[in-house]
Amino acid sequence: MNAFTKRKRELEQYAPAPTLDRNSIDTYWNNTLEAASKQPLSILREPQSPLFPSVRMDKLTYLGHDGTPINAWFLVPDKPNGSPKPPCVVMFPGYGGDRGLPERYAVWLLLGYAVLAVDARGQAGETGNLLPADAGSSKGWVTQNLLSKERSYYLALALDVVRAVEAAGQQPEIDASRIAAVGASQGGGMALLAGALSPQIKAVVADIPNLCHLDYGILHSTGSLSEIATYLKRHPDKLGQALESLAYFDIVNLAHRIQAPVLMSVGWKDTVCMPDTVYAAYNRLSCSKIIYDYPFSGHETSEEHHRKVIRFLQESFGE
C-alpha cells in the first residue's frame, strides 16, 4: 500500500463521535428556525448600471438575524418570454472576504443561472453587524459572544444564511425549486449550514469547508478558528462553555439534517480547513455525496476542480 492509498483510507475511516446528541441539536434548531421565520425579510432591490449584455444586476438587501441589513448582488440573465425560469446559485464568501464585484460570477451567468452573492456580516463587505457584544473578544469576528449559543456570531451568521436562501426563493425571476448553496472555506461551511437548516436547498457545494469538527480545528487550524484558540488562551476556564456552544454549529453534529446532494473538496496540505476536519463531517453525511481529494493542494481550489463543480450543479439541476 502506497502513502496515498494509506492516507485516503485513514481519512475515509475517520469518524469522531458527535459532540452533541441529535435530539438536543434538532430541538434547538427547530425552535430557533421557527422563531426566525416570524421576522420579516424586508427585501429591497436597487437596479445597477448594466455591465453584461442581457443580465439584470441589482443590489439586494435583506434583514438578517437581529435586523442587520445584509447586502448582496442579485444577478439574473434575461430569458425569452415563455422559457423556463433559471436556477439560482447562492454564493457565500470566505472569511474576511465579501461578495466582491458582480463579474466574479460571470461563469454562472454564462451557464444561464441566477446568482445571489451575499456578504458575511461585519467582514470586508458593505454589511455591518448589529449584534450586541456581551463581552470582549479576540481579533476577528468569530469569538463575539462565543460562550452563548443564543447570542453568538455563529448563530447570527447561520441565520443570515437561512434568510439568504429565503430571499433567493422569493425572487420571481428564478425557479425556487432549484437553489444551490455554494462556497469555499468559510463559504463552504455556510453552504453546509444552508443544506442543514434550509429545506429549499437543492444542492450544496462546499469546497475546503470550515465549521467542521470544530473542537479539532481549534487545536490545529491556522485560520479563523485560531482566533478562538487565542481567546481561550486568555480565558482557559471558558473552554467547556465554548465547546458546548460551538457544538450547535458544527457540521459533524448537523450532518444528519442535510438531505440535498453534496459536493466537497479537500486539500491534504491545508492547514486552515484540514483534511481530518473535512472528512469528519463528510463521513457523517447520509445524503448523496462526493468528495474530491487534492493531495498536493493547500487551502485552495483549481480550475480543474471548478469544472467538476459545474458538472455537479448541471446534474443536480436536471440539465
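Bear in mind that the values in this text are calculations on the coordinates, not laboratory data. Values in this document were obtained by computation on a predicted structure and should not be read as measured data. Reconstructed Cβ throughout: ideal geometry from the backbone, glycine too, with neighbour counts over all protein chains shown.
Things to note:
- Estimated distance in nm for a label pair at residue 130 and residue 303, the labels positioned 7 Å out from Cα along Cα-to-Cβ: 4.4
- The helix-based estimate of mean residue ellipticity at 222 nm for the chain, built from -39,500 (n - 2.57) per DSSP H run of four or more residues and divided by its residue count, is -10000 deg cm²/dmol to the nearest 500.
- Packing order of peptides 213-222, 161-170, highest average first: 161-170, 213-222 (average count of other Cβ atoms within 10 Å over each peptide's residues).
- Straight-distance crosslink candidates among lysines, where the alpha carbon sits under 21 Å from residue 308 and sequence neighbours closer than 8 are dropped: 8, 202, 269, 289
- Full extension of the segment from residue 9 to residue 54, taken as 0.36 nm per residue of separation minus the current Cα-Cα distance, would add 11.4 nm.
- Under 12 Å, Cβ to Cβ, from residue 71 - net charge with Lys/Arg +1 and Asp/Glu -1: -2
- The chain: DSSP helices with Cα axial extent of at least 18 Å and average Kyte-Doolittle hydropathy no lower than 1.0: 153-169
- A simple spin-label model places the labels of residue 230 and residue 33 3.4 nm from each other, with each point 7 Å out along Cα-to-Cβ.
- Within a Gaussian network of the chain (alpha carbon springs, distance under 10 Å), most fluctuating of 28, 153, 113: 28
- When 159, 225 are sorted by how many other C-beta atoms sit within 10 angstrom of their C-beta, beginning with the fewest, the order is 159, 225.
- Sequence-ordered 3J(HN,Hα) estimates for the stretch 250-255 from the Karplus curve with 6.51, -1.76 and 1.60 and θ = phi - 60° stand at 7, 4, 4, 7, 9, 4 Hz, glycine and proline given as x.
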